[in-house]
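Scroll down for the structure; my scribbles are underneath it.
The values are calculated or read from the model by the stated rules, or taken from the named source; none is laboratory data. Just so it is clear, the model here is predicted, and its values are computed rather than measured. No Cβ is skipped: glycine too gets one built from the backbone with ideal geometry, and neighbour counts run over all protein chains shown. For accessibility, only protein heavy atoms count, side chains too; no ligands or nucleic acids. Shrake-Rupley method; radii C 1.70, N 1.55, O 1.52, S 1.80 Å.
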Amino acid sequence: MRVTLWTATLLILGVLAISGGAALVPGTVGAASEEGKYDSLKRFSQVLDLVERYYVRDVPRKDLINGAVKGMLQGLDPHSTFLSVEEFKEMQESTSGEFFGIGIEISSENGQLIVVAPIEDTPAHKAGLKSGDIILAVDGVPTQDMTTQEAVSRIRGAKGTEVELSILHRDAKAPEVVRLVRDAIPLISVKSKMLEDGYHWVRLTRFSERTTGELVDALKEAGKKGMKGIILDLRNNPGGLLDQAVSVSDTFLKDGVIVSIRGRMEDASREYRAKTQPGDVSVPMVVLVNAGSASASEIVAGALRDHNRALILGERTFGKGSVQNVIPLSDGAGLKLTVALYYTPNGRSIQAEGVEPDFEVPFELPREEEKLHRLNMVREKDLNRHLENGSSGKDARPSAKAADDVKQALEKDNQLRMALQFVKRLPRLKDIQ
């Protein structure tokens, strides 16, 4: 069973053992408790019988039971749910194999279906869906009474097919109908670029099975070009696998607690620690986060912040700090059940609070006049035949196309520009008493 960051690593399923010779006899508290349990089961049996007898149409008992189980789990929290055989298979594919859809992580909040974050380079991302958008309907079907997993099943589909979403954007007064064509969701989760000589921008789009391996490869390539600092971009990263969140954090930490999990049962609690490795990266770091950074992203950001390993910049994260375990059932279906909360190294719960950045920098859409103003600013280094500064060494500057891509990225992204300034000055800031 693969553990995801809707999942924990350990779930103890046990039965209550009665010891010490305490017998359950009429009139005792234990008997009253057991009698109450049987009364509830009796009520359920009566309702089931009445529906089967008198409901306007015949409904298979299997569908009635599945509906009852879904209702029970839906009443617990937004993340606990029953998974049909098809839904259970889809969930496994989303973290290990290729799957088709539009590329969004969704959640339920106050009875509304909301977008946690779009995955980069997917139909949802290209269509402009953003964290906090409310999905009012899928193919004309209202989402008001729809579970998260039901919505996922409706949104996914064969490659090339179309799905229609009714979206209410944040700060919008009226909903918008968005038609998206389903496509293969990319499994590549790490992208990197050198912004300036020695300063690298590493973007994690999700936490899948290959994320840490891809990160290590990207860091090795960065090391060949020289590494003075890293900007780890976790913006709009909806999370994924718990073990990948731990191993990504461990890449930048030499020791100490990364995250701890605490559930109702003491035996289900667990602590994950960093260990010294040959490939540990110790250059200055800035981590970028926003409201679309959730779950596994918050584990990484919280661990690096609490160990004073990185400066956190951007906006408060989503605040998804509960841990779900996906439990396979005997008939091929599954159960996704919230079993614990996770805590940062300093013992802070992220649930409904999120990770607060060290420097809050809201994202600002670039304005054309500001862009033109920046493009018209000329410096000495921009002049033909300008004098070099006399520094020696191999020229590690990127190609003209790569340099142009970096320039455009920095022009459009005020948070990335600020992160670059901070990561370059962190060594100096540490020297200031």
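Below, the figures for the structure above:
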| quantity | calculated |
| --- | --- |
| Test result for residue 283, modelled with pLDDT of 95 or more and not in a loop (DSSP other than H, G, I, E, B) | no |
| Tally, over region 134-186, of residues that are closer than 25 Å to residue 70 by Cα and part of a loop (DSSP other than H, G, I, E, B) | 9 |
| Residues that are at pLDDT 90 or above and of a type in the set (Val, Ile, Thr), drawn from region 144-194 | 155, 161, 163, 167, 177, 178, 181, 190 |
| Tabulated pairs, region 60-71, first open to solvent by 50 Å² or more (accessible area, probe 1.4 Å), second charged (D, E, K, R) and in a helix (DSSP H, G or I), C-beta under 8 angstrom, 6+ apart or interchain | 61/52 |
| Tally, over region 166-222, of residues that are farther than 27 Å from residue 281 by Cα and free of Cβ contacts under 8 Å to residues at least 60 places away in the same chain | 15 |
| Flag for residue 130 being under 30 Å from residue 310 (Cα atoms), in a strand (DSSP E or B) and open to solvent by 60 Å² or more (accessible area, probe 1.4 Å) | no |
| Count of residues meeting criterion [open to solvent by less than 80 Å² (accessible area, probe 1.4 Å), touching a helix residue (DSSP H, G or I) at 6+ places or on another chain (Cβ under 9 Å) and modelled with pLDDT under 80] in region 390-428 | 2 |
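For every residue, the table says whether it meets (1) open to solvent by 20 Å² or more (accessible area, probe 1.4 Å); (2) within 30 Å of residue 406 (Cβ to Cβ).
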residue	(1), (2)
115	no, yes
135	no, no
165	no, no
170	yes, yes
